[in-house]
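Computed from the coordinates by the stated procedures, all read-outs in this text should not be read as laboratory data. Note that the coordinates shown come from a computational prediction; the quantities given were computed from them, not determined experimentally. All Cβ positions, even for glycine, are placed from backbone atoms using ideal geometry, and neighbour counts span all protein chains on display.
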Amino acid sequence: MKMTWLYFVALTVLCWGAYVPTIHAGQISFGDKSAPLRAFVFVGLAYFLLAAAVLAFLMIAKHEPLEFPLRGVSISTFAGILGAVGALGIVFAIKFGGSPLIVAPVVFAGAPVVNTLVSMMLKKPSSPPSVWFYVGIAMAAGGASMALRFKPK
C-alpha cells in the first residue's frame, strides 16, 4: 500500500507544531500592544503568496486545471475563514496571557476531536465507531485537561 500521504502528514505536524511558538515570537518582535494583529496580517499574506505560487506552478505544469466551480470556491473560502479565525484565536489567546506552551497542546488536542465529529457529520460512517474510538476522544480531552492542570510555572 502506497503511504505517500504520510509524508505530507509529517510535514503538517512539523509546521503546525512550530506555528504557535513562531507566531508568538513574531508578535514579540513587533514590540507593542498592536503586534498580534500585525503578525496575523503577515500570516495571511504568507498563506496567499504560498497558495498563489503553488497553484501557478501546478497550472503551468498542467497538474491543475484553470477551473473554479462556485461550489468549490464557496466551500473552500469558508474553510479558509475557519482556518483564519482559528489562527486569530491563537493570536488572541497568546495576546491575553496564554503561553504557547499551553495554548498549542490544548488546541492540538481539541482540534482533532472537533475534526472527527465534523467529518462524521459531513460523511456518515458506514458502520458505528468502536468503543476504542470514544476512548481515544476521551484520552484527547484528558490530555488537554492535564496540560492545563499541570502547566509549567
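A few points about this structure:
- Answer label, with Cα Rg over 2.2 N^0.38 Å calculated from the coordinates and candidates (i) 1.00; (ii) 1.07; (iii) 1.24: (iii)
- Gaussian network model of the chain, Cα within-10 Å springs - most flexible of Leu70, Leu50, Leu117: Leu70
- Straight-line reach from Lys2: taking Cα to Cα under 27 Å and skipping same-chain neighbours fewer than 8 places apart, the lysines in range are Lys62, Lys123, Lys124.
- Note on Phe96 and Ala111: the model spin-label points, each 7 Å out from Cα along the C-beta direction, lie 1.9 nm apart.
- Nearest-0.05 FRET efficiency for Leu50 and Ala84, computed from C-beta distance (R0 22 Å): 0.95
- Under 16 Å from Lys95, Cα to Cα: lysines that are on another chain or at least 8 residues apart: Lys33
- Linear extension gain, Met59 paired with Trp16, 0.36 nm per residue minus alpha-carbon span: 12.8 nm
- With the simple spin-label model, which puts each label point 7 Å out from Cα in the Cβ direction, the Ser130 to Phe150 separation comes to 2.8 nm.
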